[in-house]
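The values are calculated or read from the model by the stated rules, or taken from the named source; none is laboratory data. What you see is a predicted model, and the numbers here were worked out from it, not measured in a lab. Note that we place each Cβ from the backbone using ideal geometry, even for glycine, and neighbour counts take in every protein chain shown. Each accessible area value is taken on the protein alone, full model and side chains, heavy atoms only, with ligands, DNA and RNA left out. Shrake-Rupley method; radii C 1.70, N 1.55, O 1.52, S 1.80 Å.
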Amino acid sequence: MIILTHSFSLFEGFLEFSISIGKSVLGFPLWVMEISDKPGEEEAEPAFKFIGNVHGDEPVGRELLLLLANWLCNNYMKDPLATLIIDKVHLHILPSMNPDGFSLRRRGNANNIDLNRDFPDQFFPMNDDLGTRQPETKAIISWLREIRFTASASLHGGALVANYPWDGTENKQKNYYACPDDETFRFMASLYSRSHYNMSLSKEFRGGITNGAFWYPVYGGMQDWNYIHGSCFELTLEISDNKWPAANELPTLWEFNKMSMLNLVASLVKTGIHGRIFSSDCGGPLPASIAIKGINYSIKASQTFADYHRLLAPGERYEVIATMPGYKSKRTSITLGDETMTVDFVLDPENALKGSLLRHGCDCGSDNKSRRTFIEFLPGPYLEVSAILILILAFLCFVLKRRAIYNHLKQRQFVGPKRSVVV
Ligand SMILES: [Zn+2]
């Protein structure tokens, strides 16, 4: 459970607050800052997380994340990218996942466990007992149950490359092992490397990116777990060849990584498809699933606002499918360019025909059976009255349906989409 311990701000009292998502083995709080125009509130916006210092002896990430937080708060309403991120994304920053390892200047935590090998693994389920996880790992797992992250990155040191899933292979061989969203991950990793001062010029890694298993297989890693269990597209970023650079090199390292970090977070609202899903009969939000034909992976819209955020490589044609139990699925084909696209869905209930006359408000069919039964057993003298009632209800249904479509058009909250589609 996430406990709000205190809050503070760096800009006009509303940009940032901190929470502890758990404690390390030695009892240090795992502090997370949330940077947003409405921190701590749920909005129909994507969320991104940065995690630094997963390995205790890789401290550059924790320093750069503090510099990132300061830069964003100092540049709100001054820099367009800072303003876009703060207004349209909820950015969560955990500068140190492994404060004990940092104090001990070693890779593992206080129990000397490598935290990036401590997550349940898809191929080798020997470590699936959640009770045996390290407290730092458990904190991340519970955090992902609380917050719906669209994407994330963990920061490491000792190399210069943007690494993407899968991290492991089924046969433990060192091979390129593509996950269903390989193209999207290559796009995200390339966005980071190309925005970096020199990552894309790497002689070791073509374009400054690598598939995790192609470099070296990892089991129990955090990025695969995020994609499989958190619907979160996570990269593992190696941001400095030197794990312990001199302190006076940090400003340079920040400058080298600054645009990469900003562009990666901003990509959540500058690329991909976004939208909301509503019921046609009552206009209520539907936490439906969104899938892309040909990609064996789906994400869910949020319970509260029914917003979804699907990262996808640009320049492709996609068939987007919305499904929800009790509703008829809908699909549409889109061509995604370099700009973000809004694709909203209005789904019809499976039983729309027999229940439509009696459905009203936002009840969404919860009590239709009892109302139908009441009408069916009305005695003869009341039939005329009931016919008039049915006509009135039918008219109300028509008005509410129109209002539902109008409302969801009005409620779009995404910036600058070139095109919008309602399906
Ligand atoms: Zn590392």
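Here region 3-270 has 52 percent of its accessible surface on carbon and sulfur atoms, given a 1.4 Å probe and all protein chains in place.
Thinking of region 166-299 as a set of Cα atoms, what percent of all their pairs are more than 26 Å apart?
36 percent
Counting only the backbone N, which residues of region 229-252 are under 15 Å from the spot 7 Å out from the Cα of L201 toward its beta-carbon? Answer for this model: 241. Model label sites at N351 and E249, defined 7 Å from Cα along the beta-carbon direction, differ in position by 6.7 nm. Accessible area of W31 (1.4 Å probe, protein heavy atoms only, ligands and nucleic acids ignored): about 100 Å².
Using unit Cβ charges (K, R positive; D, E negative) and no other charged atoms, how large, in debye to the nearest 20, is the dipole of region 30-125 about its Cα centre?
That gives a dipole near 360 debye.
Solvent exposure of region 3-270, expressed per residue, is 39 Å² of accessible area, with all protein chains present and a 1.4 angstrom probe. Can you check what the net charge comes to around I295, using other residues whose Cβ is under 12 Å from the Cβ of I295 (Lys, Arg +1; Asp, Glu -1)? Spelling it out: positives minus negatives among the neighbours equals -3. When R117, R186 are compared by accessible area at a 1.4 angstrom probe, the order from most to least is R186, R117. When the Cα atoms of region 102-155 are aligned to their principal axes, the ranges along those axes come out at 33, 25, 18 Å in descending order. Normalising the average separation of contacting C-alpha pairs (under 8 angstrom, six or more residues apart) by the number of residues puts the relative contact order of region 3-270 at 22 percent. Solvent-accessible area of M341, all protein chains in place: 0 Å² (probe radius 1.4 Å, heavy atoms, ligands and nucleic acids excluded).
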